[in-house]
1. What span do the alpha-carbon atoms of the range 19-156 cover on each of the three principal axes, reported in whole Å from largest to smallest?
2. Using only alpha carbon pairs under 8 Å that are at least six residues apart, calculate the relative contact order of the range 19-156 and give it in whole percent.
3. Which net charge results for the neighbourhood of G39, defined as the other residues with beta-carbon distances under 15 angstrom from its beta-carbon, given Lys and Arg at +1 and Asp and Glu at -1?
4. Highest mean first, how do 92-98, 68-74 rank when packing is the count of other Cβ atoms within 10 Å averaged over residues?
Amino acid sequence: MKKYLLLYLFCSFSVAHASTVIDTTAGPSYTNNGWYGSGQSLTVGNTDTNLDSFSFYADAASNGKTFDFLVSNDWSGGSALFSSSVVVTTGLNTVLINQAMTAGSIIYALIDYNGFSGSTVHFTNNLYSGGNSAFGPVGAQSQYAGYDLKFNASFSSPSAVPVPAVRFRFDWLGWHGQTQKSSIGYRIT
């Protein structure tokens, strides 16, 4: 019985999918000041095309402010692929996106400070070769190839196999115990 349970656990976790994380948070930190927005271009990979989340660092002066966040297909705003408002906290702010993007495309994570021009989002040296940063109001931003926002973007593959798909493996082992569906997969009883 124990070996079947261990096999089930192994099978359940073996279907997990890899993800791509772009992380520029280890670089030196500079504070954006005097602009009304900022942005970062990103290159979508060929396999991990689902943008799960985008995180950015904000200065203490931005704490409690509401910024508008937009993922677009153009620096000038273009077509909105995702949008949300974010009440900013000091430090790392994560926007959960979970949106499929086109493989190989360039997308733009744009942050509108809603008229606030004090110390806002942090940026760093050019640590990410797949894009660069921009500063200014959304729709009129200037690109700066030598810098990146201080950010973390997480992509995953949209074709992950769900955990319940491993149930059949017990049948071919000759074990036919009762199973019950739960919120995390199948439970053996």
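Derivation of every value follows stated rules applied to the coordinates shown; laboratory data play no part. Note that this is a predicted model, so its numbers are computed, not measured. Using ideal geometry, Cβ is built from the backbone for each residue, glycine included, and neighbour counts are taken over all protein chains shown.
1. Projected onto the principal axes, the Cα atoms of the range 19-156 cover 38, 29, 25 Å.
2. On the way: 403 pairs, mean separation 60.1, N = 138.
Contact order relative to length: 44 percent.
3. -3
4. Most protected by this proxy first, the peptides run 68-74, 92-98.
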